[in-house]
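Comments concern the structure below.
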Amino acid sequence: MAQYDVSLAAVRDVTPAIREMVLKTRDGAPLPSYGPGAHTEIAVKLADGSETTHPYSLLGGTVTGDDPPDTYRIAVERRADGAGGSRFLCDLDIGASIGVSAPRNDFPLETHPANRLLIAGGIGIVPIFAMARRLKREGRAFTLAYVARDLDQMAYRDEIAALAGGHAIFHEESSAAAPLDVKPLAKKLAYPAEVDVCGSYALNRAVVAAASAAGLSRMQIHEQCFAPPPVVRPENTPFTVKLKSSGKSFEVPAEASILETMLMSGYTPKFYCGRGECGICPMTVISASGTVEHRDHTLKPDERNSRICICVSRLKGGELVLDG
Ligand code: FES
């Protein structure tokens, strides 16, 4: 619920799709304070005309200092396919009134000393950036790995490099390189170790699986997802996937995608969005004994004869043989 009326004081495009927005009280009155990982609920109008609130993580300041008490700083990713909340905010003019709530923190930075690995995917950089600022200020060491489709989509790249120095890793999922390998990064963390990840549902699952495989307990892995988990459709059925190169097979249950099942089985397929939008994850289909249900928004009709987005698409029963 919006409790404070602030105005849009400044904007800055930090990538072609992500806009930083500085919100200030009109009279300079202080807003409630918060720690890294916190978010505020912001009143938005959706494309269908309805009104609601959406959560936006708070940056807390810039690489050079904290924001004053009358200021909240957020970053909003304009999503063409979303319900319209992000477009509403990105289209506001300077001086526009915005309703915000008191901050709430479901993803707090633990205060005890630890060797820390921060991982961000896409717009998930916002709470991770806030954590990096705090850790840097307190002189606590950390490694920050940032995953995005390519370098142009990475917000605050120079700032992150300044904060993390040689411990910043920028990983482009669209490059020919292998996916970010989290396991060795997590393994390198001497005890006590902590991992904080904010990304897509698929990235978070991959990080949890890799960090667990590296020996960290679930208590040492903290996550926040910027999108809700994919809806399990009632028509989903289990099926078998066989990988041609290894000849190995695994069962994909009704409640998980091919991508999730591969990640949980120790494979490292390439992916980014986990929503069938970015076009990074498609694999070549060698054969399918059932009907392939394409649920992506990226493959062209002719590509669907031979490719499948493993993050969202499925087989209706039977066995799917993939070139992997
Ligand atoms: S991970 Fe983006 S389309 Fe599958």
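The values are calculated or read from the model by the stated rules, or taken from the named source; none is laboratory data. Quantities reported herein were computed from a predicted structural model and do not represent experimental measurements. Quick reminder, even Gly has a Cβ in these numbers, built from the backbone with ideal geometry, and neighbours come from all protein chains shown. Calculation scope for accessible area: heavy atoms of the full protein, side chains included, ligands and nucleic acids excluded. Shrake-Rupley method; radii C 1.70, N 1.55, O 1.52, S 1.80 Å.
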- prompt: Rg and Dmax of region 109-206 over Cα atoms: what are they, in angstrom?
  reply: 12.6, 38
query: Mean 1/r over all different Cα pairs, inverted: what Kirkwood radius does the chain give, in Å?
result: 20.9
task: Report the net charge of residues surrounding Phe107, where surrounding means a beta-carbon distance below 12 angstrom and charges are Lys +1, Arg +1, Asp -1, Glu -1.
output: -3
- prompt: Taking the Cβ of Arg134 as the center, what net charge do the other residues with Cβ under 10 Å away carry, scoring Lys and Arg +1 and Asp and Glu -1?
  reply: +2
statement: With label points set 7 Å from each Cα along the Cα-to-Cβ direction at Ala10 and Lys45, the distance between them in nm comes to 2.7
message: Could you check the spin-label model distance between Ser217 and Gln3? Points 7 Å from the Cα along Cα→Cβ, value in nm.
response: 3.4
field: Rounded to the nearest 10 Å², the accessible area of Asp91 at probe 1.4 Å
entry: 100
- prompt: Excluding ligands and nucleic acids, what accessible area in Å² is computed for Val292 using a 1.4 Å probe, to the nearest 10?
  reply: 40
- prompt: Can you give the Rg to Rh ratio for region 255-323, taking only C-alpha atoms and Rh from Kirkwood?
  reply: 0.92
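In nm, what is the difference between 0.36 nm times the number of residues separating Lys316 and Val232 and their Cα-Cα distance?
Roughly 28.8 nm would be gained on extension.
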- request: Amide H neighbours of Glu223 under 5 Å, at least 5 residues apart or on other chains, H built in the peptide plane: list them.
  value: Val197
query: What value, in deg cm²/dmol to 500, does the helix sum -39500 (n - 2.57) over DSSP H runs of n ≥ 4 give at 222 nm once divided by the residues of the chain?
result: -4500 deg cm²/dmol
message: Can you sort Phe88, Phe129 by solvent-accessible area, 1.4 Å probe, largest first?
response: Phe88, Phe129
statement: Net charge near Pro192 (other residues with Cβ under 13 Å of its Cβ; Lys, Arg +1; Asp, Glu -1) is 0
- prompt: Largest first, what is the accessible-area ranking of Phe107, Phe170 with a 1.4 Å probe?
  reply: Phe170, Phe107
- prompt: Between Tyr191 and Ala96, what is the label-to-label distance in nm when each label sits 7 Å out along the Cα-to-Cβ direction?
  reply: 5.2
- request: Take the Cβ-Cβ distance between Asp106 and Ser245 as r, set R0 to 41 Å, and report the resulting FRET efficiency rounded to the nearest 0.05.
  value: 0.50
- prompt: Which percent of Cα-Cα pairs in region 115-167 sits in each 10 Å bin, short to long?
  reply: 27, 61, 13, 0
query: If you project the alpha carbons of region 1-106 onto their three principal axes, what span does each projection cover, largest first, in Å?
result: 35, 30, 29
